[in-house]
Every structure is written in C-alpha cells, then in structure tokens.
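Written out below as structure tokens is the structure these notes cover.
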Amino acid sequence: MLMSVQNYSLLARAASVVCRVASLSIGSIVFPCFLTAMVMSDTVKPPIARILPKMQTIHGETRTDNYFWLREKNNPDVIAYLEAENAYTEAMMQDTKELQEKLYQEMKSRIKETDLSVPYKQGEYMYYSRTVEGKQYAIYCRKKGSMEAPEQITLDLNVLAEGKQFLRLGVYSVSPNGKLLAYGLDVTGARRFTLFVKNLETGELLSDQIPETGASFAWANDNVTFFYNVYDSSLRSYKILRHRLGTDPANDVEVFHERDEKFDCYVSKTRSERYIIISTNSKMTGECWYLDANTPQQAFRCIEPRTNGHEYSVTHHDKHFVILTNDQAKNFRVMVAPLDKPSKKYWKEVIPHRPHVKIEDIDTFAKFWALSIRENGLTAIELYDVVSRKSHRIGFPEQAYLAYVSTNPEYNTMTLRYGYTSLITPNSVYNYDVVNRTSVLLKQQEVPGGYNPEDYVVERLAAKSHDGVMIPLSLVYRKGLQKNGLNPTLLYAYGSYGISTEPTFNSNRISLLDRGFIYAIAHIRGGGEMGKQWYEDGKLLKKKNTFLDYIAAAEHLITQGYTNPQKLVANGGSAGGLLMGAVMNMRPDLFKAVHAAVPFVDVINTMLDASLPLTTAEYEEWGNPNEKHYYDYMKSYSPYDNITAQAYPALLLTTGLNDTQVPYWEPAKFCAKLRATKTDTNMLLFKITMGVGHGGSSGRYDALRERAFEYAFFLKALGIRE
C-alpha cells in the first residue's frame, strides 16, 4: 500500500519523536526506533516505555513498579515519551481528521455562540455574563438598576486569557457596597489561583494581589476585609487567612489552621450577610466555626466540636443558626439553635429525618427555606414556610431529570430562582413564586439547528446486580430505535464520593444519538443517587460493588436487546476512570471500546504516597493501604495492579500534564504496562494535553475539539466512518 504524503509526514514525525527518546542514555532498556519499519509496512508502531524497576516493601510483600520513573515531570526523557505517545495517537487517528472536524462543526452549530445568561439582582445591580461568537471565554457584566441601564464590563476573560493556553476563573465576589470585585485566576490548571481586587468604579487593579490561593472567599461587611483559603504542598485547603486592603499579603492573619490531614477547610458568607462561616470537612466528619461579618477582627467560634462520623453544615436565619445534620439521621434532618447558644445540646429539630428522603442542602431566606432533596434517585425542591411550618414541593414532569436551586443572592424575597434539565430538555431557568406556587420560565438553553426533544425517548430502567440490588439506569435515544441488540451504546458512570450522576442535557450528545447511539447512565453504588447508604455501600471495603453494578448494567442492556458487546462502549473519568480500568480487567469481553479520562488507576501506589495531593484525605473513601486489610482489598481491584495477559477493548486514555487531582503519570504508567502485557492488537491510545489540568481545556471551542476527538475514537472503534 502506498502512503499519502500527509500520512508519511505524520508517521515520520511520530517516529522521529520515538527515535529522539531512543537516542537518550536512560538505562539498560531503550526505546526502539521504528522509522524504517513504518515506512516499509505503512504500520504505525507505538512508543515503548523503558522498564526501570522500583522496589517497595509493604506488609512483607515486595512490590515492583517498572514505570515509576514516568512520575519525573521535569525529566526531559519523560516529556519526550509523552510527546511520542501524543504523536502516535495523532497518527493512529489521522484517518478520522475529517470526521473530527465534522463532529466539531456539528457541536459548534448547536451552541448559540453569542448569548446572555439570565441576570440576577445583587444590591443595586443586575449581574450576568455573556459570550461572543469566536471568543473562547465569558465576559462578566452588570447594569445598575435594570437591564435597560448602560452595561459595565466587570471582567473580560478573553482579554485576561491572551497569550495563555489555559485560564480558569475561581473566586468572583463583589464587595457588599458593590464597589470592588475580588477574583481569582488559574493559568496552569493546577487549581492554584492568584487573587486580584479590582476597583469597579475606576477599573483599576488594587495592589492587593495574593498568589497561591484557593477558590474559597468571603467579604466582611466593612468592604475592606476579606477571608480566603490557601493550600499546603499536597493541595489540601488547610488555612483560612484574613486580609485587609492596602496591607502586605505577607502579613495576612491566619484565622484558622486545619491540622488534621483528612480535613479541608473553606470559608463562606451566609445569604443574610450576617455571618462568615468556616466549614472544615473530611469524607465523613464536619465542623463549623462562625464570626459576625460586622466584626471581622474578632475570633471565630466553634458551633459544635467534631465527632467522628458526624457531618453538619450551618447557615443563618433570623435569630437562629440553621443546622443540617446527620446526627441520628443517616439522610439528614434540619435543626435550629440560638445565636448565643449554638452548640449541639441546644439544637432543636425543625424538619425530621425521613428514611427514604435525603436532604442534600438547605437555602435559607427571610420567610422560607428551600430544601434540595433526593428521593427514589431523583432530585426535588421542597419549600418550607417558616411561619406556618408547612412544606410543599415544586413538581416536575419527566421520569429522569435534574432540578436545582440556582443563583439567589437576595435574602428578603419570596421568589426562588431554580434550574431544570433532563436528558432531552435543555437547561432551563425559572422563577418560582413561593406564595402563588407558580413557575415562570426565564430562559431555556437555545439549541440552534432545529433540535426537537420530541424526536428522542427517555427511559428509566433497573438492572439486578450480583447481590440482588436493583441499579437504576437512565437512557436516551432517538425515537424509532429497534431493540434488536444491534445499537451502538455508550454507557457512562462515576460511582464515588457520594456524587450523583445526573440525567442532564448535553447538546454534544446529539451527534451520537443521531448516529443511532443509545446514551446510558448507570447510577451505581458509591454515588449518592439513592441516599447515604447507597454511597456507603460503594466505598472502602465495599468498593467492588461499584464495579459489579456497572457490569450488571452493561449485561442488562445486552440481555434486554439494546446492544451487544461489539456495539457497547464505556466512558468514565477521574474516579470514574478507576471504574473503567477495573471493569476492563474484570470483564474485557463486555466492551468494544473504553474511554478513561484523567483516570485514577494506580490506586495503591498513589494511596501509599502521603506527599501527593488528596492522598491522606482519601483514606476515608478508599481506605489506608498502610493497614493490611485495606491494602489487600485495594490490591484486588487496583487497575494498574490487575493488568493481565488477556485481550482488552480498544482504549483511549486522556489527561493533562498539570493535573493535580489525578497526576498524568497514572494513565501514562497504565498505558505502558498495558502495552507490554495485553495480547490483542486493538487500539491503545494515550493523549496528554501539555498545558492543562484535571478538567481539560478551558476555552469553550478547545473543549469542543476534545469532545470531537473522543467521539471520533468511539466511532472508529465501532467502524462508523461518518
């Protein structure tokens, strides 16, 4: 077969990167140079990572990690290897370039590129953001009094992003008097922000610039004092500092120091603007401290000292603190306490615990409270009248959806702003009249190109897992689909930290649905969809339930005639990437292709290294492998440790070089070991974006190109070329 000039150039470039690595003196194992072989056979060869064993003894067992050296981010050999993987991936996906562009244009065509968010009132101003066609980032604005007033741009991220590969906004907080804006910028993807303060009257930046901060912030009511969080070397939010405008940040006062490595601390302000709250939490325990926002120089006081397993949060209403607690209430209940006596012995129950209804959050307003609840796997909003002490719910029509409390900065109001979306309903913003119990649609996400939700079907299914527990699934597909077992299907799941995977709308997904795909979400244990117990049954020494639930969901889709293993693709990211690695090892026969994004696949090695971000705080999620019973259990499912000589599905691994949550080397090592071990010839691609972190590209168009690439991988794996 003759190669095109374009393909030859690309393959030669891939080979040149591999050969550049091979030319380095990096140990006894070298990278072979495949340039001659590629030119002669027109076959792209993957880069081969050298083996450099590192030994570690744990619980009397000697562990060997052949690819530990890939952790050396500043080693030119490592960067060269990663570049070789990128070049190989590009070469392997070269035949999908036209398809990628087609997918990208489809996705872009469904976005209203020049658009405006729904304004919200805060103080004297209406705040909103807008996007402009061709620009990657949002522009933040406000108008005084009404939307008919002249526009003031408070922050244009496009200007701030000039010359940068990455930009993320953290803090965006206007001072109580509306004259100052505090904002934080991350330009690497490493989740470390530089905090700036802008004078909104003059447009000038103040000299108060604070590097290496988090995204937690609160203004005091004097308009010159604020509080913010900082990270330690392992990216744990461990301190809250107080800053006064015009002073040297080096002299900022430490007002809270969380010394327990399992805890992270954050600062916020109550909607009433009366109190500053510090919340410090581990995966299973919480503690809150409070300070009158009018006296920022005073010391914070503890609401209730932490007790292992007790989770609670605090806000303010009138003469009471309002406490959401799991004390004697697995799915939480609501208590109140006097402002001068907030400790637990003075708590009084207002809304009792309900075994089948989890209270996930509470928003307090002057005359009503809004409870975010979950029942039967679905969200709901419950309104509690503080005078009559009666409650009612906002009703929603679909069988799989997400409803959530939206932006509501005003405390004295009888209107609740909420959002609603489903697998077929674009994100919609409503105002709810709490007195008349009526909703008014303010805006629904526009999908250009003639999208009609009536063309699609949503289903809610249940699959029986290994122990008889029924696992909910949410499905969407194009109307008229035949359940003949031949439909391409993407099965997504997460299943960790009690985080629920919501059945929400995504216009990008239409590119799959209109090609005959079924898009399915498995609401597996380890998530929070069915309450607190659902989460606890998928963590620590019950973590394998998460993987077995996902396998049961896949098998159910097959046995019920939706798809078959040659048409089924799997997708998950971060802890969901752990899920992908585990089920690939356990049941590779179930899937044709897998995409594992920023995957947590090197579980034991990471959890044994307390110097890494998040590790010690994660002991309550995964277990501490320094304890043998946890080590043995984690070893039995850790994807990197359980790669075996068997045939695997086609696999795409994606990550960012600056990822601080799941370091790039986890998928890099997984890829290297899998290449050396697997027995098939299916695609194994590793794509690393050099200038971003855990969330991928920050620009909206760049993010679309990433989705187009991932979709093209699935389509190629399934033999779909258009």
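Some values worked out for this structure:
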item: Inter-label distance for GLU722 and LEU245, nm, one decimal - labels placed 7 Å from Cα along Cα-to-Cβ; result: 6.1
item: VAL594 long-range amide H proximity, modeled H, under 5 Å; result: ALA570, ALA650, LEU651, LEU652
item: Shape category assigned to the range 126-165 from the gyration tensor of Cα positions, a/c cut at 1.5; result: prolate
item: The range 620-700, dipole about Cα centre (Lys/Arg Cβ +1, Asp/Glu Cβ -1), debye to the nearest 20; result: 400
item: Dipole moment magnitude, nearest 20 debye, the chain about Cα centre, only Lys, Arg, Asp, Glu C-beta charged; result: 880
item: Ordering of 441-454, 178-191 by burial proxy (mean other Cβ atoms within 10 Å per residue, highest first); result: 178-191, 441-454
item: The range 164-321 - charge dipole about Cα centre, Lys and Arg +1 at Cβ, Asp and Glu -1, debye rounded to 20; result: 300
item: Residue among SER272, ASN427, ASN223 farthest towards the positive dipole end of the chain, charges placed on Cβ; result: ASN427
item: Surrounding net charge for PHE332, when Lys and Arg each add one and Asp and Glu each subtract one, Cβ distance under 12 Å; result: +1
item: Cα centroid separation, the range 108-127 to the range 552-626 (Å); result: 37
item: Sparse-neighbour loop sites [GluC sites (Glu not before Pro); the range 596-686; at most 10 other C-beta within 10 Å; DSSP]; result: none
item: Residue-by-residue Karplus 3J(HN,Hα) for the range 660-671, coefficients 6.51, -1.76, 1.60, Hz, glycine and proline x; result: 9, 8, 10, x, 3, 5, 5, x, 4, 5, 4, 4
item: Contact order relative to length of the range 77-195, as percent, for alpha carbon pairs under 8 angstrom and 6 or more apart; result: 13
item: Degrees between helix 97-109 axis and first principal axis of the chain (Cα, 0 to 90, nearest 10); result: 20
item: Computed FRET value (nearest 0.05) for GLU349 with VAL224, which takes r as the C-beta separation and R₀ as 35 Å; result: 0.30
item: Modelled label reach - ARG301, point 7 Å along Cα→Cβ, the range 244-267 residues with backbone N closer than 19 Å; result: 255-257
item: Placed amide H near ILE499: partners under 5 Å, 5+ positions off or other chain; result: GLY528
item: Of the trypsin sites (Lys or Arg not before Pro) in the range 652-722, those whose Cβ has at most 12 other Cβ within 10 Å and which sit in DSSP loop; result: ARG721
item: Between the range 69-100 and the range 263-336, the Cα center-to-center distance that results, in Å; result: 46
item: Virtual paramagnetic centre 7 Å along Cα→Cβ of GLN56, amide N under 15 Å, in the range 250-277; result: none
item: Protection proxy ranking, peptides 359-365, 151-157, average beta carbon neighbours within 10 Å, highest first; result: 359-365, 151-157
item: Signed unit charges on C-beta, dipole axis of the chain, positive-most listed residue SER439, HIS59, SER282; result: SER439
item: Under the Karplus curve 6.51 cos²θ - 1.76 cosθ + 1.60, θ = phi - 60°, whole-Hz ³J(HN,Hα) for the range 577-594, x wherever Gly or Pro sits; result: x, 4, 4, 4, x, 5, 6, 4, 5, 6, 9, x, 6, 7, 10, 7, 8, 9
item: Relative packing of peptides 459-472, 650-663 - highest average C-beta neighbours within 10 Å first; result: 650-663, 459-472
item: Of all DSSP beta bridges in the chain, antiparallel share, percent nearest 5; result: 85
item: Dipole of the range 164-321 [Lys/Arg +1, Asp/Glu -1 at C-beta], most positive-end residue of ASN308, ILE240, VAL253; result: ASN308
item: SER636 versus GLU212: modelled label distance in nm, points set 7 Å from Cα along the beta carbon direction; result: 4.3
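Each reported figure results from applying straightforward, stated rules to the coordinates on display, with no laboratory input. Everything numeric here is computed off the predicted structure, so don't read it as measured data. Glycine gets a Cβ as well: all are built from the backbone with ideal geometry, and neighbour counts include every protein chain shown.
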